[in-house]
Amino acid sequence: MNYKKLIREVPNFPKPGILFYDITTLLKDRGAFRSIIGDLTALYRNRNVAKVVGIESRGFILGAPLALQLNAGFVPVRRPGKLPADIFEVKYNLEYGSNSLAVHRDAIAMGERVLIVDDLLATGGTAAATVNLVRQLGGEIVGLAFLVELCSLKGREQLEGCEVQALIQY
């Protein structure tokens, strides 16, 4: 399926000079959404994934149904202040400052095989921070799966040593 034709391109959003790839137009198409989850499932079906980690917030949209298809648990990685129990937090740098991600300390057991999922791989900072979180909790990274990759931003370079898959590349 040609997913690119279902993605709306919005110029100058969220600021001038940025071309935003709006995946909501793709997700609202039930056939395309089913196909995306099917394609991601096929990539990881025989990889013994125990947990799918979805990165806030669009990683939840893809990660939860993928976890069901893989017969795995689903773990949300959130911004600070969003999780109610004991958390593990990692801070990371962005071009314009810093940010943090958090996960419940009991979300991933030592040695569990983990697939990290998000909608977009851009510069790779958020994905690399999530890899760091999972590894510090003792998880084994099976791979990282993205719907869209913006290749010119070289996010894969932040994820050396990890298998990275993207269904759509720009």
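The values are calculated or read from the model by the stated rules, or taken from the named source; none is laboratory data. Worth saying up front: this structure is predicted, and the values here are computed from it rather than measured. Methodologically, a virtual Cβ is constructed for each residue, glycine included, from the backbone with ideal geometry; neighbour enumeration extends over all protein chains shown.
Some observations on this one:
- Hits in the stretch 65-100 (condition: basic (Lys, Arg) and buried (at least 16 other Cβ atoms within 10 Å of the Cβ)): Arg78
- Selection within the stretch 1-16 - of a type in the set (A, V, I, L, M) and either out of contact with any helix residue (DSSP H, G or I) (no Cβ under 8 Å at 6 or more places or on another chain) or at pLDDT below 95 (or both): Met1, Val10
- Pairs where the first residue, in the stretch 95-120, is under 22 Å from Val142 (Cβ atoms) and the second is among the polar types (S, T, N, Q) and part of a loop (DSSP other than H, G, I, E, B), C-beta under 7 Å, 6+ apart: Arg113/Asn48
- Scanning the stretch 100-131 for residues that are farther than 17 Å from Gln158 by Cα, assigned to a strand (DSSP E or B) and in contact with a Gly (Cβ under 7 Å, 6 or more places away or on another chain) yields one hit, Val114.
- In a residue-by-residue description of the stretch 3-19, the property of being within 17 Å of the chain's Cα centre (by Cα), surrounded by fewer than 17 Cβ atoms within 10 Å (Cβ to Cβ) and of a type outside the set (S, T, N, Q) applies to no position.
- Note on the stretch 17-32: among residues that are part of a loop (DSSP other than H, G, I, E, B) and of a type outside the set (Gly, Ala, Ser), the one that is modelled with the lowest pLDDT is Ile18.
- Contact annotation: residue pairs with Cβ atoms under 8 Å, 6 or more positions apart or on different chains, pairing a residue in the stretch 149-160 that is more than 22 Å from Leu19 (Cα to Cα) and buried (at least 18 other Cβ atoms within 10 Å of the Cβ) with a partner that is modelled with pLDDT of 95 or more and of a type in the set (Val, Ile, Thr), are Leu159/Val131.
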